[in-house]
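Only one structure is covered here, and it is reproduced in the block below.
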Amino acid sequence: MNTAALDTLANQLGTDALTTLLRLCPEIRTASQTQQEATCAAMRSAAKATIDQLIDDAQDAPGVSHIAYQTAVLNLAHAGIKVLRAA
């Protein structure tokens with residue numbers, strides 16, 4: 001996968017993961033800036049492994065790559081939710 005395509009994938013994945021986080025965990029809106037930053041840091045920390053898994057899954061089963069993508073979105077959102085709710 002070329003760099004531009006990977007950047008596009010990562011940006012869209014990040015946007016969708018943040019949107020999912022907001023929908024599943026609306027308390028992020030009233031969390032302190034420190035809690036919000038920790039939540040985002042957890043999501044960033046999980047991003048490389050999540051993207052690698054997404055690419056592997058999509059290559060192994062291209063017919064269900066949309067499910068692999070949604071799984072990646074949920075994995076990133078969950079990483080953030082775990083940190084936010086642990087505070």
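Worth pointing out:
- Of (1) 12.7; (2) 13.8; (3) 13.3, the label for Kirkwood radius over Cα pairs in Å derived from the coordinates: (3)
- The relative contact order of the stretch 3-86 comes to 45 percent, based on Cα pairs under 8 Å that sit 6 or more residues apart.
- FRET efficiency for Gln59 and Asp7, using Cβ-Cβ distance with R0 set to 22 Å, rounded to 0.05: 0.75
- Helix axis angle, 33-60 relative to the chain longest principal axis, alpha carbon, degrees: 20 degrees
- Net dipole in debye of the stretch 3-86 [+1 Lys, Arg Cβ; -1 Asp, Glu Cβ; about Cα centre; nearest 20]: 380 debye
- Calculated [θ] (222 nm, deg cm²/dmol) that DSSP helices of n ≥ 4 give over the chain, each run adding -39,500 (n - 2.57): -29000 deg cm²/dmol
- If you take all other residues with their beta carbon under 14 Å from the beta carbon of Ala42, and give Lys and Arg +1 and Asp and Glu -1, the sum is +3.
Throughout, read-outs are computed from the coordinates displayed, never taken from laboratory work. It should be emphasised that the depicted structure is a prediction, and the values quoted were computed from it without experimental measurement. Note that we place each Cβ from the backbone using ideal geometry, even for glycine, and neighbour counts take in every protein chain shown.
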